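Taking it in order: structure first as structure tokens, then the write-up.
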Amino acid sequence: MGQYRAVRGMVDVLPDETPLWQMLEQTARDVIGAHGYSEIRTPLVERTELFARSIGEVTDIVEKEMYSFADRNDEGLSLRPEGTASTVRAMVQHNLIQSAQRVWYMGPMFRYERPQKGRQRQFHQLGVEAFGVPTPDQDAELLLLCRQWWKRLGIDDVVTLELNTIGSAESRHAYKGALTAYLRQHVESLDEDSQRRLETNPLRILDSKSAATQNVVTGAPAMAAFLDDESKAHHDQLCELLGQAGLSFVANPNLVRGLDYYNKTVFEWTTDRLGAQATVCGGGRYDGMVGQFGGNATPAAGFAAGLERLIMLLQTLEADATEPPDLYVISADSNALSRAMLEADRIRTEFPGLRVVQHLGGGSLKSQFKRADKSGASWAMVYGPDELAQGTVTVKPLRTNEEQTSLGRGALNDFLHRLERLASDIEE
Ligand code: ATP
Ligand code: MG
């Protein structure tokens, strides 16, 4: 029988990559927590209708990317393709919009796309959603929060904020009319996808990647001319707040985002280090969704970051988050092993800051030292016959030229205290 393989587009995160993932996730928790946001965890499965209504029937996601199925009771369900719709559903269902105004989530999302670098069928997003604040200080805070996260990750120099406003639903409607009229005159120059979108979702044509279509778009009427006064004022205030915070951005009038629920502010963080899959994070304002989902009309704004792309970016910068063991415990025979295991257990209790790996499965001292070296540990702790007889342990440095020494109980504890302090200094 052949081996099983993961489903196409579904990716295993292997042990040598998880340290980077954990670092990415921990920095996010720290930064978002420091802004007073709480975590929410929603199911991976929702009614298909929830996504169709909020994301939009004629968007890429709903038209062709959803994992939809009928369950045994014939309910139309889908694996979540994104996190905002589920979050809003949960907040409305549990009456939390007022009390827990700021939430974040992290987890897998599912979209049936053509797998390629930076594009998977199961991928991970971290999202932040803030409810109840209609003013641009909320939009600004979300962007400053992103910047804090990028700084912690050391990627703030390689990402760029692109910003736009798409106004109110009414102004967008008026603009759609003008844009469609213009594009109809150039229909034969548009790529096939855009020709189809002309009737369904003309705004998406603005951010088409086809060069021919971009040529046509250059001459299209500008959204700015159709903006309502309130959206314009909102945008100006946001730009001013960002200016005061020293957060520079690129104004991108063609940025519209692929989901229907946005209004006013939309933004993306992009990088030139990842080729075609250049957007690592996207978001904006969605003032209509809570009302649409049956809650009291409540303004909202948020963003979602693509974790695979952030990991790839960290990898191109050669970020390393691996934490090798501090101690690798070696024993000469089964007598020594039972003492070594007890000691390792005691050390883990009394020195929780230390990573202690016990050699298991026996073997010669030489082969155990080889393993110790391979593990990346800083020190080997050796329990041999002499140590057993004298009630001591030998600590041997594996990465430095220090002397190896035999230590009694008191001296060992002093040594471990020093090692633990060193380990926590390095972590900070
Ligand atoms: P794209 O234009 O790249 O398809 P999108 O507009 O569909 O992106 P969003 O729905 O805004 O993406 O999702 C937010 C972020 O999630 C993206 O900026 C990206 O970093 C990440 N993302 C989206 N789809 C995928 C995917 N299939 N695989 C990996 N990451 C993804
Ligand atoms: Mg997409």
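Per-structure values
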{"item": "2 or more residues of a type in the set (Phe, Trp, Tyr) and modelled with pLDDT of 95 or more: qualifying strands (runs of 3 or more DSSP E) within the stretch 59-164", "result": "102-110, 122-131"}
{"item": "Subset of the stretch 1-36 (residues that are under 16 Å from the mean Cα position of the chain (by Cα) and among the hydroxyl-bearing types (Ser, Thr, Tyr))", "result": "Thr18, Thr27"}
{"item": "Verdict on Glu113 being surrounded by fewer than 19 Cβ atoms within 10 Å (Cβ to Cβ) and within 12 Å of ligand 2 (Cβ to nearest atom)", "result": "yes"}
{"item": "Among the residues listed as Asp287, Asp272, the single one being open to solvent by 10 Å² or more (accessible area, probe 1.4 Å), more than 22 Å from Arg102 (Cα to Cα) and more than 16 Å from ligand 2 (Cβ to nearest atom)", "result": "Asp272"}
{"item": "Matching strands (runs of 3 or more DSSP E) fully within the stretch 336-428 where at least 2 residues are within 33 Å of the chain's Cα centre (by Cα)", "result": "356-358"}
{"item": "Enumeration of residues in the stretch 88-146 that are of a type in the set (D, E, K, R) and touching a Cys at 6+ places or on another chain (Cβ under 8 Å)", "result": "none"}
{"item": "So Thr298, is it under 21 Å from Thr84 (Cα atoms), open to solvent by less than 40 Å² (accessible area, probe 1.4 Å), more than 15 Å from ligand 2 (Cβ to nearest atom) and in a strand (DSSP E or B)", "result": "no"}
{"item": "Where a residue in the stretch 90-109 is farther than 22 Å from Asp137 by Cα and its partner, wherever it lies, is basic (Lys, Arg) and open to solvent by less than 20 Å² (accessible area, probe 1.4 Å), with Cβ under 8 Å and at least six apart", "result": "Met109/Arg80"}
{"item": "Verdict on Ser78 being more than 16 Å from ligand 2 (Cβ to nearest atom) and over 20 Å from the mean Cα position of the chain (by Cα)", "result": "no"}
{"item": "Enumeration of residues in the stretch 404-428 that are under 18 Å from Tyr328 (Cβ atoms) and open to solvent by 20 Å² or more (accessible area, probe 1.4 Å)", "result": "Gln404, Thr405, Ser406, Leu407, Arg418, Glu420, Leu422, Ile426"}
{"item": "Restricting the stretch 260-295 to residues that are part of a strand (DSSP E or B) and near ligand 1 (Cβ under 9 Å from one of its atoms), the residue that is nearest to Leu126 (Cα to Cα)", "result": "Cys281"}
{"item": "Selected residue (criterion: farthest from Asn164 (Cα to Cα)) from residues of the stretch 226-278 that are within 19 Å of the chain's Cα centre (by Cα) and β-branched (Val, Ile, Thr)", "result": "Thr271"}
{"item": "Ala181 being closer than 26 Å to Asn254 by Cα, within 16 Å of ligand 2 (Cβ to nearest atom) and part of a helix (DSSP H, G or I)", "result": "no"}
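The values are calculated or read from the model by the stated rules, or taken from the named source; none is laboratory data. Just so you know, these numbers come straight off a predicted model, no measurement behind them. Positions of Cβ are backbone-derived with ideal geometry, glycine not excepted, and every protein chain shown enters the neighbour counts. Note: accessible area is taken over every heavy atom of the protein model, side chains too, but ligands, DNA and RNA are not part of it. Shrake-Rupley method; radii C 1.70, N 1.55, O 1.52, S 1.80 Å.
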